[in-house]
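For reference, the structure discussed in these notes is given below.
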Amino acid sequence: MGSADIVPGVSGGTVALVLGIYDRLITNISLGARGLKQLLTGDFSTFRETLTEIEWVWLVSLLVGILAAVVALASLIERLLHEQPVRMAALFLGLIIGSIWVAARMIDRFDAVTVAIMLGIGAAMFLLLGLRTDTEVADDALEVVTKSPLAFFLAGAIAICAMILPGISGSFILVMLGMYTEVLGAVNDRDLAPLIAFMVGAVAGLALFSTLLHWLLESYHNWVMAAMVGLMLGSTRVLWAWPNGTNTTTLGAPSGDVLFPVVLTLVGAVLVIGVSQLSRHLAGADPEKVASSVPS
């Protein structure tokens, strides 16, 4: 999940969906949001009960894995995206295509409303991503803080939601919001006020959004899954390999280096489907894993 969030157009939520832990992740985050609300309102007895419901070992292990991947692989992935933009984009496109197949299988039935949601959100996402042709900031862009703490709060709230939704990374959301260099500037300058505002916004956004998403998954599972498939369909605009990989949302016809990128796309799709099948097989062999992946 940590590696996925580094790439524009790919989200850690996509990985969680493929591995079959998405519902479990949202459930635990939602419990944490409920506990935070109880703590802030002084409901300490219920707060302690909620803390016992959270799968702390599983959740902390997941977070440690995400951080470890970011630290270990961020520079490698960024270098490959810079040096081999077409081939890397083709590989990630294959991963998303495989993820779309996996997510579509989680939809119980394809009625008119489900298909409309999937195609509508897919089209909207495709057009939204096209509003900005470049997905990166210029190398000479100044990393300085010019925005108010409120802007950082809102950016944190929006970006964290993108990180848990399949289809788009939080870093690309920051680029689209014009906040990427602002956040980097705050980090580099150790400017605590905007950083605290950003983190508080992230916590608030995650708490509110996870609660809503948990309820939607329980009440409208088919429609939510259709929306997630739509998000991933729309994100293919960023991952189309030509003309310059994930560096642009401009679309071009395949040219130059074509054969190997196509092979990488197929490999990526097969890899995701294979991992999903293996995950389902392992979960099926252990009834407790199946039970723990269903929201309570």
Quiz item: How many of the residues in the stretch 246-296 are within 23 Å of Asp23 (Cβ to Cβ), at pLDDT 65 or above and touching an Asp or Glu at 6+ places or on another chain (Cβ under 9 Å)?
Solution: 0
Quiz prompt | Some residue of the stretch 72-85 being touching a residue at least 60 places away in the same chain (Cβ under 8 Å), touching a Leu at 6+ places or on another chain (Cβ under 8 Å) and part of a helix (DSSP H, G or I) | solution = no
Self-check item: Selection count, the stretch 168-202, where residues are surrounded by fewer than 16 Cβ atoms within 10 Å (Cβ to Cβ) and not in a loop (DSSP other than H, G, I, E, B)
Solution: 7
Quiz item: Got a number for residues in the stretch 43-98 being under 30 Å from Asp257 (Cα atoms), surrounded by 12 or more Cβ atoms within 10 Å (Cβ to Cβ) and of a type in the set (S, T, N, Q)?
Solution: 1
Quiz item: What number of residues within the stretch 245-265 are within 22 Å of the chain's Cα centre (by Cα) and surrounded by fewer than 15 Cβ atoms within 10 Å (Cβ to Cβ)?
Solution: 1
Practice problem: Inspect the stretch 219-230 for any residue being in contact with a Ser or Thr (Cβ under 7 Å, 6 or more places away or on another chain), modelled with pLDDT under 85 and surrounded by 23 or more Cβ atoms within 10 Å (Cβ to Cβ) and give the result as yes or no. | Solution: no
Quiz item: Taking the stretch 87-119, which residues are among the β-branched types (Val, Ile, Thr) and over 11 Å from Leu239 (Cβ atoms)?
Solution: Ile100, Val102, Ile107, Val113, Thr114, Val115, Ile117
Quiz item: Considering Leu174, Leu192, Leu154, which residue is at pLDDT below 80 and farther than 29 Å from Arg105 by Cα?
Solution: Leu174
Quiz item: Does Val15 satisfy the condition of being modelled with pLDDT under 85, part of a loop (DSSP other than H, G, I, E, B) and aliphatic (A, V, I, L, M)?
Solution: no
Quiz item: Taking the stretch 244-264 on its own, how many of its residues are in contact (Cβ under 8 Å) with a residue 24 or more places away in the chain and not in a helix (DSSP H, G or I)?
Solution: 6
Quiz item: Can you tell me which of Val137, Val102, Val144 is surrounded by 19 or more Cβ atoms within 10 Å (Cβ to Cβ), modelled with pLDDT under 90, more than 26 Å from Leu208 (Cα to Cα) and not small (Gly, Ala, Ser)?
Solution: Val102
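The values are calculated or read from the model by the stated rules, or taken from the named source; none is laboratory data. Small disclaimer: the values here were computed from a predicted structure and weren't measured. Ideal geometry is used to build each Cβ from the backbone, glycine not excepted, and the neighbour counts take in all protein chains shown.
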